[in-house]
1. Exactly one condition in (1) modelled with pLDDT under 95; (2) under 28 Å from residue 544 (Cα atoms); (3) in contact with a Gly (Cβ under 7 Å, 6 or more places away or on another chain); (4) of a type in the set (Lys, Arg) is not met by residue 682; state its number.
2. Among the candidates 555, 529, single out the residue that is open to solvent by 40 Å² or more (accessible area, probe 1.4 Å), of a type in the set (Val, Ile, Thr) and modelled with pLDDT of 95 or more.
3. Check 498, 546, 550 and return the single one that is at pLDDT 95 or above and within 23 Å of the chain's Cα centre (by Cα).
4. Would you call residue 379 without any contact (Cβ under 8 Å) to a residue 12 or more places away in the chain and under 30 Å from residue 192 (Cβ atoms)?
5. Report every pair of residues separated by at least 6 positions or lying on different chains whose Cβ atoms are under 7 Å apart, first residue within region 555-568 and outside any loop (DSSP other than H, G, I, E, B), second of a type in the set (Ser, Thr, Tyr) and open to solvent by 20 Å² or more (accessible area, probe 1.4 Å).
6. Which residues, taken from region 362-376, are of a type outside the set (A, V, I, L, M, F, W, C), in a strand (DSSP E or B) and touching a Ser or Thr at 6+ places or on another chain (Cβ under 8 Å)?
7. Do any helices (runs of 4 or more DSSP H) entirely within region 577-652 hold 3 or more residues that are under 13 Å from residue 207 (Cα atoms) and open to solvent by less than 50 Å² (accessible area, probe 1.4 Å), and if so, which?
8. Could you list, in sequence order, all residues of region 447-497 that are acidic (Asp, Glu) and within 21 Å of residue 326 (Cα to Cα)?
Amino acid sequence: MSLSPRLLCVAMFLVVSAGCSRRAQPPAAVPPLPPQISGTLTLEGLAAPVRVVRDRWGVPHIYAANQADLFFAQGFVQAQDRLFQIDLWRRSVQGRLSEVLGSNFIERDAMTRRMQYRGDRRAEWASYGSDTEAIAAAFVRGINAWVEIALTQLPEEFTHAGWRPERWQPEDLLNRTDAFVASANAGDEVVRARLIAAVGLRQADALLPPAAGRPTVVPRGLDIGTISPVIVDAVRRVGTPPFFSGLAADVPAGRPVADSAGGTPVRELAGVSADPFPSLRRPDTAAQIGSNAWAVSAARSVTGAPLLATDPHRALDHPSGRYLVHLNAPGWNVIGAAAPWQPGVVIGHNARVAWAMTSRDADVQDVYVERVNPGNPHQVEDGGRWADTVSVADPIIFRAGQKPFAFEREYTPHGAVVASDRERHLAYTVRWAGFEPGTAGELAALGLDRAGSASELRAALDRWKLPAATFVYASADGDVGSYAAGWTPVRRSWSGELPVPGWSGEYEWEGLAAAGSRSGRAGQGADPTGGSVVSANGNLARTNRLRQLLEAQPTFGINDFSRMQHDTLAWSAGRLLPLLAPLRAVRPDVEEARRRLLAWDRRLTAASDAAAVYALWEPRLVRALVRLAVPAALVDDLAARAGPLLVPALTRPSRGWFGRNAAAARDALLLAALAEAVDAARQPQSDGRPPWGQLHQALFRHPLAITPTARARFNVGPFERDGYADTVMSTGGAAIEQTSGATFSAVFDVADWDRSVAINAPGQSGSPASPHFADLARLWAAGESFPLLFSDSAVQSAADATLTLVPR
């Protein structure tokens, strides 16, 4: 029986044409000027002068006389440095890429539009706080003030892209796409259902242990065999990054970016080209994106007050997905990392408390299987009767002057319809927490910025609904701890591990509930880990390695935490390599590699050839293990989720994985995967033993870098890299290249905020004409950071340029 993906836009497949034919004629070329960052600038919309001091690393410190002017200036400054990035972000998250990039993006835009909040706007704004709407309005006025200037001197990125920036509305900040991408677990339900259909319920739970910790129960009335991978394909389209297939205006030759390390392509490995769009490879890439955060109490700090480290792992976006900013006005004094398109600071500190966050697994999405009326495809069964779906016309513009693509969003009482099986008369609906008020990703951070203590921070986190996260904090009162934030559905009768029937009424949500659980207060002896707190997304390797490091010495300073952030010892290698000791390989080159691995110090440094073999061996072990257990059609999906199973499955071989002679089969798998790794590492131009850094490199790829001259102008790198996905210095990727990791990181010293350090690569500015476009990339690649200055005197001592914004 064939499955017909509907995706509510079947005709999309008929209009996939070349993406380059999508734009109006490019605007007249005007020599781009860098934004004005010194002197005086008169702007309409301010009530009083605002001072913007940019330090030598490009961090703006904004001093305003009132809250409205503060956020006006934040919007203005972030637009000065990142206008093209935030303009492209808005088009992407709103499902409007087809307007500028062509009909190739219709499917992606359609799916992105389905997952937005459509409810009451007043309830939405109120959920974040009483003044959030006013802050958003001021921030957007600041963006628009810079847009007015930019339209007269168009930034060069817009000239090459072929469109002009648009003005913003406060509602643009209420988008749900980022939160959806960070919370996309609907695909996990589909993969589990397909796994059960392939291997049975008991074996599926063994291969993919349920998050609930209890055996999976198949919902009554659900035919597991009707769950299709089409649903996963549909959900993956939400928020996939934009890419260009052509430029509206060529980049002139001879204009390379200063300090870019050349912008040359990353080395190819074993005939496989580096993926130019790695973020499109969800869920694989998503599985490699996490974060580390840890803190020690005053008793374990050489500074006399708590220390906090943070290094969020995200895609190597260029420009960076974070922007460092300092906000100072009555009631506000906060510094740290912001989203370039949002007001406030998401990770950072104020005068009293510092906080970091790591992603947290939370089941905030459910797939419902709906019975469709054979006589009316716009009705679904609801409690024994046919209920009308709701269809909303939402035409997609994909070429200026041409008729829009006729698209309709369709909803059942459970959420957005994403696919259908016409032969079985079934539809598949995704319900998720983002359809509820207050779930725009990270907008609730405005409440954290003003917290005066650990208890006030925890209270503010109860407003944080999406994405689910674990916050680690340290306060001037001596408190350190962690707090689980994020709201999840209340399910009374099922676990949420599998899709559920939508017609019976048995599987309904009963609202959302805050997580609100916290560890003890280490400063008062209630923390079981002895004065320290660690969060690493539940990643076994990184969590255990961090705990080893925190147990290795009694006290820590800033430099100790910085070294920990760059630790490259592979915890899993300490469990897996001893399994090779009693074995012997038949092939001489594989035997030689086995001996090198046994003598290796287990540190993935760029200079180590043994590190290269190990880093290639471990993922091949995962795939080989998965191939033993599931059909070929499921190998990719399960391998992307099976990393945590590798060490226990190989160190305790069982019949469930390996059959009757489990130990012998395990040993054969170890050597076969090692042979594959040796073959993959072999380079024609080398002696067959390339160091890890020769293979493992990071390149900051700009979306516009699609021609040789554009790559020279916009790309930054490549840089040889230490580490891999599961070291504390996490440098993972979809293939051999590093495509995710901590481009922003910081260590906050509660005793003296001016001793705090940070990095944000490749630079603060998105304009290649700016000295801050790539100036931080080499520091980042060398494992270095710069002072994140907070006091007025320290900021003035490092001031590089001062701009005064004056009301008109």
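1. Every condition holds for residue 682 apart from (2).
2. One residue alone meets the criteria, 555.
3. Details: 498 fails: within 23 Å of the chain's Cα centre (by Cα); 550 fails: within 23 Å of the chain's Cα centre (by Cα).
Just a single option satisfies the conditions, and that option is 546.
4. Yes: the conditions hold for residue 379.
5. Final answer for the pair search is 562/785.
6. 365, 368, 370 - these are the residues of region 362-376 that are of a type outside the set (A, V, I, L, M, F, W, C), in a strand (DSSP E or B) and touching a Ser or Thr at 6+ places or on another chain (Cβ under 8 Å).
7. 609-629, 632-639, 646-651
8. The answer is 449, 456.
The values are calculated or read from the model by the stated rules, or taken from the named source; none is laboratory data. The structure displayed is predicted, hence computed values, not measured ones. Ideal geometry is used to build each Cβ from the backbone, glycine not excepted, and the neighbour counts take in all protein chains shown. The protein model used for the area step is the full one, side chains on, heavy atoms only, and it has no ligands, DNA or RNA in it. Shrake-Rupley method; radii C 1.70, N 1.55, O 1.52, S 1.80 Å.
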